[in-house]
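Note sheet for the following structure.
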Amino acid sequence: MTRTATPKLGAYTALAGIGLLGALVAGRPELAAYAAPFAAVLVLGLSLARAPKITAILDLDRERQLQGETVKVELEVRGHEPVGRLELLLDLPAGLAAEAPNPRIVRLDWDERRELDYTLRCERWGAYLVGDLVLRAPDAFGLLVHETEIECRRPLKVYPLGEVLRRLVRPRETQAAAGSQVPRSRGEGIEFADLRPFVPGDRVRRVNWRATARRGEPWVNETHPERNSDIVIFLDTFVEARSEDEGTLDLSIRAASSLAAHYLREKDRVGLVAFGGVLNWLTASSGLVQFYRILDSLLDAEIFLSYAWKDINVLPVRTLPPDSLVIALSPLLDERAVRSLLDLRARGFDLAIVEISPEPFAPAGTRPLDGLAHRLWLLRREALRSRYRRLGVPVVAWSEDVPLQAALEEVRRFKRHARVAHA
């Protein structure tokens, strides 16, 4: 608890001092009589001033919420003694905004409990601690202001708002575990593949009776098995292009959460690699628990400035399973990320790059040389994309005003044409 003098304290002190000093200098006692009330208020107010005893309890209606939604906050304030005027401020971190008035002014009697409700809007994704309270209460005479901070923090995780994806990019090869993807190979399953003549050992339930009756000899159905895939989301966190409200990292987080949600819904195994100044990874797994692990790891992702050279060799082997599809989300601004993606392709990984375009965050300047430099920068980026495409890596630029599904469709078309050309 800290005490701060108000302007009233300074004014009363000055008036009392001037009156008493004038009475001594001029020898006029009426000046002392004028100053006596101010001096009496000072003595009485300072002697009776005590810091109020206040406690608070804060609770959230939920600990997880989506970006753009609201969270209800219930705050209970208890005064152990009367407080004529209490200014209460709920200090919110950047990314959260209160829809109700903040701060608020309340009055407390003896041992009174007051319940206050707040509605917080989650404006940005992230992990927050809500519950820093700043209390200000003047004394009865208005000479001093008592100010204190109460920490009753509660964790709140705001997840990025994902996008709806109708079709996903599929890897070249599937895994042995059961899933929702139909591979090119044939085996036990329910998806029809072809007809063939009956051979000893075939099950009776696989006999196609219509084809058998038409051809006069037993024919059986061949099916495709249902398999899953391994997906690795490669998040570039070396550098970002940013404006005041949003940057390429925000778009990358949104795209990564959308991809993870839809792939896990298809029973695929999904892993995460945050490759930057701070290395973070999750090995590929499936299920709802893995989804929340990925979301929590995405909330911890941040740009950490580092000049140390890093390559793929620093990653544990288990983070990049064989025959997995690596979907890279990168603005392609840092040479370390560019070289690492080229190294992944050289090692035979099925790689697709969704370029989080930094161009909307880096407009051309007003001077003639600024425009020339901007065009040269764009040409250099196009040359980098062409380099990847010559290696068989699809590179698709994606920005906020374009649906993510459109970028994935371009990746699918590139992979389909590359497969036909290779055949």
Quickly run through the range 85-128 and pick out the residues that are free of Cβ contacts under 8 Å to residues at least 24 places away in the same chain and open to solvent by 40 Å² or more (accessible area, probe 1.4 Å). Pro101, Asn102, Arg104, Ile105
Sort out which residues of the range 293-313 are more than 16 Å from Arg254 (Cβ to Cβ) and at pLDDT 90 or above, and write them in order of number. Arg293
Considering residues that are of a type in the set (S, T, N, Q) and at pLDDT 90 or above, the number found within the range 270-284 is 1
Mind checking which residues of the range 317-345 are modelled with pLDDT under 90 and closer than 26 Å to Lys157 by Cβ? Thr319
Do we find a residue being of a type in the set (Gly, Ala, Ser), under 30 Å from Asp250 (Cβ atoms) and at pLDDT 80 or above anywhere in the range 77-96? yes
Can you list the strands (runs of 3 or more DSSP E) lying wholly within the range 206-320 that have 1 or more residues being in contact with a Gly (Cβ under 8 Å, 6 or more places away or on another chain) and open to solvent by 10 Å² or more (accessible area, probe 1.4 Å)? 219-224, 280-285
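Yes or no, residue by residue, for (1) free of Cβ contacts under 8 Å to residues at least 40 places away in the same chain; (2) under 30 Å from Gly126 (Cα atoms):
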{"site": "Thr4", "(1), (2)": "no, no"}
{"site": "Gly17", "(1), (2)": "yes, no"}
{"site": "Leu21", "(1), (2)": "yes, no"}
{"site": "Pro29", "(1), (2)": "yes, no"}
{"site": "Ala40", "(1), (2)": "yes, no"}
{"site": "Ala51", "(1), (2)": "no, no"}
{"site": "Gln67", "(1), (2)": "no, yes"}
{"site": "Thr70", "(1), (2)": "no, yes"}
Give just the number: which of (1) within 30 Å of Ala256 (Cβ to Cβ); (2) at pLDDT below 85; (3) surrounded by 19 or more Cβ atoms within 10 Å (Cβ to Cβ) does Ala176 not satisfy? (3)
So, in the range 132-144, exactly how many residues are in a strand (DSSP E or B), surrounded by 17 or more Cβ atoms within 10 Å (Cβ to Cβ) and among the aliphatic types (A, V, I, L, M)? 4
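Which residue is surrounded by the fewest Cβ atoms within 10 Å (Cβ to Cβ), if the candidates are limited to the range 33-84 and must be assigned to a helix (DSSP H, G or I) and of a type in the set (Ser, Thr, Tyr)?
Applying the filter and picking the extreme gives Ser47.
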Which members of the range 392-412 meet the condition of being modelled with pLDDT of 90 or more and open to solvent by 60 Å² or more (accessible area, probe 1.4 Å)? Pro403, Glu410
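The values are calculated or read from the model by the stated rules, or taken from the named source; none is laboratory data. Fair warning: this is a prediction, and the values are worked out from it, not measured in the lab. All Cβ positions, even for glycine, are placed from backbone atoms using ideal geometry, and neighbour counts span all protein chains on display. Accessible surface is based on the protein model in full, side chains and every heavy atom, while ligands, DNA and RNA are left aside. Shrake-Rupley method; radii C 1.70, N 1.55, O 1.52, S 1.80 Å.
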